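**Student:** Take this structure first; my questions come after.
Every number in this text was worked out from the coordinates using simple rules, so none of it is lab data. Just so it is clear, the structure is predicted and the values come from calculations on it, not from any experiment. Neighbour counts are summed over all protein chains in view; Cβ atoms, including those assigned to glycine, are modelled from backbone coordinates with ideal geometry.
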Amino acid sequence: MNALPFALSTLRAHWKLIGAAFLLLALIIQTFRLSATEGALSAEKAGRQADRASYEQAQAQATSAALEARARDEAEYREKANAADASIDDLRDRLRAALVRRGQANRSTGPAIAQAQGGDTGVSQEVPAPATGDSGSVCVNTDMLAGLSAYAIKAHEWAVSLDQP
């Protein structure tokens, strides 16, 4: 029963020392908490730097892959364009030859024989008759006619190919 009066008298006598001990204990606890927080902050900063580095690396890889794909696609398109140009040039040459043959046949044997001698150009062999009042001769630039015809035929083939899967 004397414990309670003894504890109270000790508290009254040494209250400054006990308060200083509690203050020191609170200071130690706060110091540990602060150092733990600083450690977590530096770990978080290091993590953000690592994330940023990985984002930049991923972006560089994606850019590189996109440039490679673009170069590959451009090479493929260039090959297709060259093949189309070669196809148009071949068709133009065949049309030009057919027009020259037809013109020579018209001059030498008449239109009916020229139509019968036409080559396999992929175009109609019918030539319209001259309008009444014409002298019967038609001046045609065979190079231009062959080039435009070849381009039109290949453009039509391309347009039709778009509908096919």
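**Student:** For residue 2 paired with residue 54, estimate the spin-label separation in nm (one decimal), with each label point 7 Å from Cα along the Cα-to-Cβ line.
**Tutor:** Distance between label points: 7.0 nm.
**Student:** Follow-up question, since we're still on this one. Taking each pair of distinct Cα atoms in the stretch 22-95 once, what is the resulting Kirkwood hydrodynamic radius in Å?
**Tutor:** After inverting the mean inverse Cα-Cα distance, the result is 18.2 Å.
**Student:** Using mean Cβ contacts within 10 Å as the protection proxy, how do 149-160, 93-104 order, highest first?
**Tutor:** By packing density, highest mean first, the sequence is 93-104, 149-160.
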